[in-house]
Amino acid sequence: MPNVSGNPSPCEGSCEYRGARREGGGWRTLTLMATIVCVLTGWALTQAEAQLCAGDTVGVDVSLADNAAGTLFGESPGQTFLAVDTLLSFLRVWRWATEDSNSIGMRLYITDTSPDGTPDLRYILVNGPTIVHQYGDGIHPIEFVWRWEPPLALPHRGLFSFFVMQDPCFGFWDLMSTDNPSLYPSGDMWFTGRSNCVLGSGLQRDLRHYPEYDIVFQAAFCRLDTTPTRRKTWGSLKLLYR
């Protein structure tokens, strides 16, 4: 997303009142009002700029998929990933195009990790929502994307994990994956054991690690790149135009 922090303030330069000079306190009042409008307009633009950000996307391109990570009996695939910033704007995975008629939804979970890089299922940061894409065209991979507006604030930079679970808890689907771990060296594939398709700390001991595989996914992080602006307080305005 383009950075708009270079937009000039509407009050750049002189913000004094350009109308006819009034006698007594009238002229000062009009000047003060014009200055306040300029300051508030500049503040509003700064707030709008803060909503926009430059982004970094990590993961594996969908064109590089050469394997599948499927669900069955509540066993669910997961992936550790490196958060290069703390604001997550979207995360997406893909179902294989051949599964072009499947009504089983995908529910996203995001967790923190332990110091050794294991997903820590005690600390669930995101639970849902469930996305259902029943039909595809049989040719193109079927994208499942979770977006956050405003971006999701992670508690820190570093390693996190996500899991995708069946919803409802029957049937199956296959996520696109890869058996080339060099494509994403910053994380690995994980699997839960059999479950009722609800992620929780009870599944911690049955986690299985597959460092030779990765889920094909993409995660985008928002990086605020705004230029700081000098703000005036109400006190300084009063002193300036006393």
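Results, tabulated for the structure shown:
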item: Residues located in segment 160-190, provided they are surrounded by fewer than 19 Cβ atoms within 10 Å (Cβ to Cβ) and under 22 Å from Thr118 (Cβ atoms); result: Asp179, Pro181, Ser182, Leu183, Pro185, Ser186
item: Answer from Asp137, Asp116, Asp112, Asp120 - the residue that is assigned to a loop (DSSP other than H, G, I, E, B) and touching a residue at least 12 places away in the same chain (Cβ under 8 Å); result: Asp137
item: Search result, residues across segment 100-116 that are crowded, with 16+ Cβ neighbours inside 10 Å and within 16 Å of Phe81 (Cβ to Cβ); result: Leu108, Tyr109, Ile110, Thr111, Asp112, Thr113
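Values quoted throughout were computed directly from the atomic coordinates according to the rules given, and no laboratory measurement underlies them. No experiment lies behind these values; they were computed from the predicted model shown. As a convention, Cβ positions derive from the backbone with ideal geometry for all residues, glycine included, and neighbour counts pool all protein chains shown.
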